[in-house]
Structure formats: C-alpha cells, structure tokens
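The values are calculated or read from the model by the stated rules, or taken from the named source; none is laboratory data. Source: prediction; values computed, not measured. Ideal geometry is used to build each Cβ from the backbone, glycine not excepted, and the neighbour counts take in all protein chains shown.
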C-alpha cells in the first residue's frame, strides 16, 4: 500500500514539474513589457497594390530585406487594391505594414475622408515618389483632360490611389466621375485593355518606369495626356502634398518630356507593432539601401536624408533609428 502511495506521489510530482516548465517556456517567448511575442518568430505581411505598378516590386524587395536582415522575421508581400486600402488593412490587422501615398497617409491618421475615424497607423519612412500616369495611344484624338468626358477609362483598382487625384483633376475641368465611364481594373489589365482598344485611356499612380506602361510602350506608341498649366497650378496650390514631376521622354519612348502630378509614397505600420521590431525593420531597409537600389529601379529615388520627413508621425521604432543617424 505504501509503495502504491509513493508511486502516486511520484506521478503527481512529475506532472506538476512538467506544468511549471511549460509555463516558464511560454514566458520566455514573451517580452517583459505588454507580453509582446518574441521577435524570433514574426510572420509579417506588407500591403502593396495590383500587379503592373511600382508598389508590388518595391514591397517585395522590402520583404526580402526584412526576411534577410531581421533575425527570426519573415515578411511576404501581399497584392491589395492599393494605396487607398492599405491603411485600412494595417489598422484592421490584416497586414502589419503597407505602402500608401502621402495624402492618404495624412487622411488616414487624421480621420479625414475617405476614412471614417482616425486609423491606428504611423510612418516608417518616405519611399519613392509616384507619378500620375494618364496614358492614351499616340494617335488618339484625346489631348486634354476636358476630352475625357464620356470616355471609357481604366482608372485602376477600386480602392486604389488613382481615384483621389483623378477626382481633384476632373473638378478643375468642371467634371466628375459621373462624366466618365470608369473601368476598375488592375494596372496590368487596364493597359492591356488600352492596347486592345477596349478603353480610351488608362491610369496608373506609380513610380516610373511602371511595368504596365513599359510593356505597352514596347509595342505601341503612346502619349501622356497633359494637364493645362493653370489647372495644375490650382491643384498644387490647393493640395500641398502634390508636386509637379517631369517624366523624361526616354522612359516610355515619348515624343517629348511629360509633365505630371507627383506624390511621395510612405511606408506605414500599425501603431501597436513592437518598437524594437519596427526599429529593426527600418534598419534593415536603410542600412542596406544600396542593395535595395540595386534590386529595384524605383528605390533609386529614395533619399535617406529626407526619408524621415513624413506627413504623419514616425513610429517610435522608426524614429529611434533616424535619431541615431543624426
């Protein structure tokens, strides 16, 4: 009987010890503050845009750098509807990081339309600038924004960054979205439809060269639809986050340099993402900026000296990185 009791106590003691050890193991995987998960097994996503623009390849290379240089982190690029949707995806926890335009970052962080309520997003850095491409065939009779009335236009994906700029531009000409026939397509599909003659104009908000525009320009002659100087000046005066950008003619085999609306792009992150992790992500990108530029043409337009001049506050982890550089 005594032997049986000893055996029972031995089994109970071993069970208690195993529970205690399991608890210690779980605690070791959390940080001391707020119970954040260990940086040793971060599974991260970055929201980009549709294929054919610049966001996806830029996001893909950011993911490569983070996976390569941040211990224990693995990041994957996600195809999304683009700049307009990405802040919502970040705030909802669908992705941890995302790329958007400076104007949309400001709207999202401050609860301005098209967003309802302030979103929990902050900045990691500025990236490359995007250019608002308004493209038609070289022999098209469309030569002005006024000529867009009644035309079929591939405006980019629903939720993409082209829409706020298009609306501001149409307004300058006394037009609205009701005056055009919008086709909500990815950049690749939109420019394919333009090449096939199924739409009259295709739009893209992308750093140049944009792959979808390059592809059509290799087989067809295209042109930028120019914006009248006075209309462009009005837009720049009203919206300080836009700028005037010159697109060299050689980029898309144009007859002359094109003038377009430009907007800086911003890498965003959820406000609640671990500070040390965001620091390491920022460090992985900017300590290896030469590698980034070698792998991606748009990254060549990223300036580390102005990368912290974002339209919304930096995440504390990103701020720590840039402060250390000063």
Which of (1) modelled with pLDDT of 95 or more; (2) in the same structural domain as residue 304 (by TED's automatic domain parsing) is the odd one out, the single condition residue 135 does not satisfy?
(2)
Give the range 184-202 a look and list any residue that's crowded, with 20+ Cβ neighbours inside 10 Å and over 20 Å from residue 54 (Cα atoms), or say none.
199, 200
Selection count, the range 148-165, where residues are under 14 Å from residue 114 (Cα atoms) and assigned to a helix (DSSP H, G or I):
4
Quick check: is even one residue across the range 191-211 within 24 Å of the chain's Cα centre (by Cα), outside any strand (DSSP E or B), farther than 23 Å from residue 236 by Cβ and free of Cβ contacts under 8 Å to residues at least 40 places away in the same chain?
yes
Of 109, 168, the only residue that is in a helix (DSSP H, G or I), touching a helix residue (DSSP H, G or I) at 6+ places or on another chain (Cβ under 9 Å) and under 30 Å from residue 282 (Cα atoms) is 109
Test: residue in the range 49-71 that is more than 30 Å from residue 164 (Cα to Cα), part of a strand (DSSP E or B) and touching a helix residue (DSSP H, G or I) at 6+ places or on another chain (Cβ under 7 Å)
no
Within the range 75-87, how many residues turn out to be in a loop (DSSP other than H, G, I, E, B), in contact with a strand residue (DSSP E or B) (Cβ under 8 Å, 6 or more places away or on another chain) and surrounded by fewer than 24 Cβ atoms within 10 Å (Cβ to Cβ)?
1
All but one of (1) at pLDDT 95 or above; (2) more than 19 Å from residue 163 (Cβ to Cβ) hold for residue 244; state the number of the condition that does not hold.
(1)
Looking for whichever is within 28 Å of residue 199 (Cβ to Cβ) and crowded, with 24+ Cβ neighbours inside 10 Å here; the options are 134, 90. Which one fits?
134
Please verify whether the range 258-268 includes one or more residues that are farther than 17 Å from residue 73 by Cβ and out of contact with any strand residue (DSSP E or B) (no Cβ under 9 Å at 6 or more places or on another chain).
no
Examine the range 271-293 for a residue that is surrounded by fewer than 18 Cβ atoms within 10 Å (Cβ to Cβ) and closer than 24 Å to residue 133 by Cβ, and state whether such a residue exists.
yes
